[in-house]
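FYI, it's all coordinate maths here, none of it is from the lab. Bear in mind the structure is a predicted one, so any value in this text is a computation, not a measurement. So basically every Cβ, Gly included, is an ideal-geometry build from the backbone, and we count neighbours across all protein chains shown.
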Amino acid sequence: MGRFLLQFDIKEARGTQTYAVEDARDKAHALELHNKGESEFLDEEFEIIELGGNPDIVPDD
């Protein structure tokens, strides 16, 4: 008897990721800085719409 983890692929999800950008002049500049990798990841929220079938099943050691 043991505990197993079922690891499903996520086929579809929707959500948001929140990043912070420092010293931006305006919205366009904030996006430019983010696209250059000059932002900090803060948070992620998502809702899974559909899981794939046939999960990987592994022991939870």
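Set the Förster radius R0 to 30 Å, insert the Cβ-Cβ distance between Asp43 and Phe4 as r into 1/(1 + (r/R0)^6), and round the FRET efficiency to 0.05. Taking R0 as 30 Å, the efficiency between Asp43 and Phe4 is 0.50. For the chain, the spread of Cα coordinates along the three principal axes comes to 59, 25, 16 Å, biggest extent given first. Each Lys or Arg adds one and each Asp or Glu takes one away; over the other residues whose Cβ falls under 15 Å from the Cβ of Gly15, this sums to -4. Over the chain, DSSP H runs of length four or greater, each weighted -39,500 (n - 2.57), average out per residue to a 222 nm ellipticity of -4000 deg cm²/dmol.
The H on the amide N of Tyr19, modeled in the peptide plane, is under 5 Å from the matching H of Leu42, each at least 5 residues off or on a different chain.
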